[in-house]
Structure formats: structure tokens, C-alpha cells
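The values are calculated or read from the model by the stated rules, or taken from the named source; none is laboratory data. Keep in mind that this is a model prediction, so the values were computed, not measured. Because the Cβ atoms are built from the backbone with ideal geometry, glycine has one as well, and the counts that use them run over all protein chains shown.
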């Protein structure tokens, strides 16, 4: 009697692993980015408002404390208070007061949520444009957890930074969508989002310049450098520049309004106080300072006092040489376009905040690095991925290094958030890590007086 042979059926699932599905992997990575950001920054809910613009922007501003209304909106669009025109930032603060009143935890958490969304957008936009999932998510994670970005998140009145970055990234993503099928309707969406970014904070004024870099890499829209198949029709540089003229016009209009606001508000320092050679020297030194903080984020402070006459010529020369060496290294690697784009992104987006037109008494500020540091992350993450691929390194080696760096940044970020707990803690720390910081001394004295600690003040 014949025996029936039972055929074996495979119990192995067909591509069930989420790693085999790009869409599922992206969703998981987005959730991990959000979770990591919220966990590391969670202690912001313990922080109070500080006497560093929080009073002028929130706690003692009658328009903002009244909450969101038509009167508040009209005031926001007509006001040049705080030597700035940023109506969307004002409106967002008014909405916070409508929802949370003067509970600082609510204000801080909105900043945190915006920062987490920015990290996710950064990942998705770069992944979509470059096709590199892991380089994109590592760049986004470093952006989310870098200690220098704490100031932009843990400082309630710096809402304008995280809000303008949201519109900057939305504009960048929408521009990629526009480049796939150019038409005036899509361009109008790009221009509208850019306008909203400018109304949140004019720091994003350099976005048209960034879009030209984006055309060069990763979109590769410039016909002169077309080497690999891509989804975008090739264009000449002149046509791409012409395409950006309406956006440059928006930037110019924002610059005029900003200069008027800052001049009217008395924020612009005179040439007698800060001569141009001094401003240029500090700008070079600031570039070097930002590079140093990117690599080794220690001694972070709410205020870095301008060196003034103490700035030595050799310091400016050394900083200039450093910039030239890096620029030369980028220039001799033309096939690695991400290096040039990342470097010019960093240099270019910092220009409005370098103090060539000196506003305030700071030499540099952590908040100014929020956008420019993305360029450095592009250089590091895509450069490391390229190097690891050429060296055929086992995947667990770079993964282990990334985990170590992110863990270190998380610990430093967690600690840095604590320095923003209240005014006394904030300025005491600033005095510990800086010198000749008269703003910190004065602000600490005011905070101590407010707490009734007259002897310490």
C-alpha cells in the first residue's frame, strides 16, 4: 500500500520583517526619533520662565497674556516690539497663553513637540531626496539630541526658532515635490510656506540660497553636473537662479523690514562701538566657535559676550586659516557633492547671525546654530556612510559608534536642559563657563533680588 508523502511547507514568512519594507522601516524610525526626543527633553516640564526675554515675550506682555483674539492677531502683524517683526511667533505665544495661561510646562512642551516634528521632517525630506535611509535618520537623531540645540527648545521665548525651522523644512520638502513636476501652483505653495517661515523668524532668509544648493545635491537639477539618472529634468544654473527670484524678493523684503525693526528698537550697535574690522574678526572667530561646539559641545551658555577690543588679530587669522583649510578639502573632492553642499549650507546660513551688522552684545549664540548645523550633519553623516562603504566596514562598527555618540549627546543635552530650570541656575552656569559676562552678572543680580536674596545679589 503506497504511503502518502507529506510535503513540507515553509514556515518562513515572506518579507515579513519590517526591515524588508522601506515604508514600515521609515514609520518605525520616525517613532523612534519622536520617542528619543521626548524622553531626553522631558525634563523641560520642570523648568520655569527665565528673565531672558520670557518676561517681554510672555509673562509681562499684556497682548500675549490676553490670549488669542483678533485684536492680538492685528497687533502681532503691526508690532515691531523686541526689535523684530515675527507675527507668527507672537500668535503662537498668544495661543499658548490661551491654552496654558502662564503655566511654563505647556509653553516648553510646545517647543519640544515642534523640535520633535522638525527632526522627523529632516529625516523624511533627506531620505526622500537622497534615498539614504540610515544617513538621513542618523543626521536627524544628531539634530534632535545635539546639546547646542537645547537653547532653541528649553527657552520658551525662542519659539520663533523652532517654528521658523518647521516652515523652512516644509518649504524644502515642498520644493522637492515641485521640482518633480514644475508648475506655478506648486511654486505658490513653496513661496507661501517660505513667507510663513519669514513671519516666524527672519533667520530663514537664506532659504533661496539653500534651494540652489539643493538643486546641486541631492536633486542634481543642474545640467552641467548631471552624471546619474534621477527624477528631475536638467536645468542650467541661470534658469535655476531665475526660478528663485521671487523667493529672493521675499528675502529682500524681510531684510528691509527686519533692519527697520532693529534700527527702530535700538538693537543695532554703532560703528564706533563695534568697528567693521572688529565685527569681521569676531565673525571669523564665531565660525570657528560654532565648529568647536558642534564637535565638542561643552561650556554652553545663554550668553557669549562679545570679545570687543580683547579680540586678538592672531585669533581671527587662525580662524580664517581653519575655514580655508576645510574649504580647500571640500573643493578637492568634487565627486562628493554633499561635502560642498553641507559646507556652504553651514557658512551661508550663518551669515545673517555673524554680527557683520552687530545686533545685541553677543559674540555668538547656540540658537543661531539650529539651522546651520544641518549642513555639518550632512557632511559628517553622508561622508561617514561613503567612507564605511568604500572600506567595506561591518555594519555593527559604525552602528556602535553612532550609539555611543547619541548616548553621550543625550546625557549632555539632559544636563544642559537643567541649566534652564530658572533664572538663577541659568545665569550662575553662564558665569561659570564664560568670562567678562556683564549681561549674566546683571541678570543674575536681578533674579536674586526677585527671589529676595539681596545679600547674594
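A few points about this structure:
- Hits in the stretch 26-50 - residues which are farther than 24 Å from residue 142 by Cα and crowded, with 20+ Cβ neighbours inside 10 Å: 49, 50
- Only one entry of 233, 261 meets the criterion of being surrounded by 11 or more Cβ atoms within 10 Å (Cβ to Cβ) and free of Cβ contacts under 8 Å to residues at least 60 places away in the same chain, and that entry is 233.
- Given (1) modelled with pLDDT under 95; (2) assigned to a helix (DSSP H, G or I), number of the condition residue 160 does not satisfy: (1)
- Some residue of the stretch 321-328 being modelled with pLDDT of 95 or more, on the phi < 0 side of the Ramachandran plot and in a loop (DSSP other than H, G, I, E, B): no
- Residue among 350, 356, 311, 371 that is surrounded by fewer than 16 Cβ atoms within 10 Å (Cβ to Cβ), under 30 Å from residue 260 (Cβ atoms) and in contact with a helix residue (DSSP H, G or I) (Cβ under 8 Å, 6 or more places away or on another chain): 356
- Residue 361 being touching a residue at least 40 places away in the same chain (Cβ under 8 Å) and within 26 Å of residue 443 (Cα to Cα): yes
- Residue list for the stretch 399-414, restricted to those being free of Cβ contacts under 8 Å to residues at least 60 places away in the same chain and closer than 25 Å to residue 290 by Cα: 401, 403, 404, 407, 408, 411
- Residue list for the stretch 283-297, restricted to those being in contact (Cβ under 8 Å) with a residue 24 or more places away in the chain and either surrounded by fewer than 18 Cβ atoms within 10 Å (Cβ to Cβ) or not in a loop (DSSP other than H, G, I, E, B) (or both): 283, 284, 285, 286, 287, 288, 289, 290, 291, 293, 294
Okay, residues lined up against (1) under 23 Å from residue 345 (Cβ atoms); (2) under 27 Å from the mean Cα position of the chain (by Cα); (3) modelled with pLDDT under 95:
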| site | (1), (2), (3) |
| --- | --- |
| 206 | yes, yes, no |
| 215 | yes, yes, no |
| 225 | yes, no, yes |
| 239 | yes, no, no |
| 288 | yes, yes, no |
| 294 | yes, yes, no |
| 301 | no, yes, no |
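- Qualifying residue in the stretch 36-48 (condition: modelled with pLDDT of 95 or more, assigned to a loop (DSSP other than H, G, I, E, B) and under 25 Å from residue 199 (Cβ atoms)): no
- Residue match in the stretch 242-253 (condition: over 30 Å from residue 412 (Cβ atoms), assigned to a loop (DSSP other than H, G, I, E, B) and at pLDDT 95 or above): yes
- Restricting attention to the stretch 110-150, the residues being over 23 Å from residue 386 (Cα atoms) and within 11 Å of the chain's Cα centre (by Cα) number 5.
- If you go through the stretch 62-71 and keep only what is closer than 17 Å to residue 100 by Cα, surrounded by fewer than 21 Cβ atoms within 10 Å (Cβ to Cβ) and touching a helix residue (DSSP H, G or I) at 6+ places or on another chain (Cβ under 9 Å), you end up with 63, 65, 66, 67, 68, 69.
- Residue match in the stretch 183-195 (condition: part of a loop (DSSP other than H, G, I, E, B) and surrounded by fewer than 22 Cβ atoms within 10 Å (Cβ to Cβ)): yes
- Subset of the stretch 413-438 [surrounded by fewer than 19 Cβ atoms within 10 Å (Cβ to Cβ) and more than 14 Å from residue 50 (Cα to Cα)]: 414, 415, 431, 432, 433, 434, 435, 436, 438
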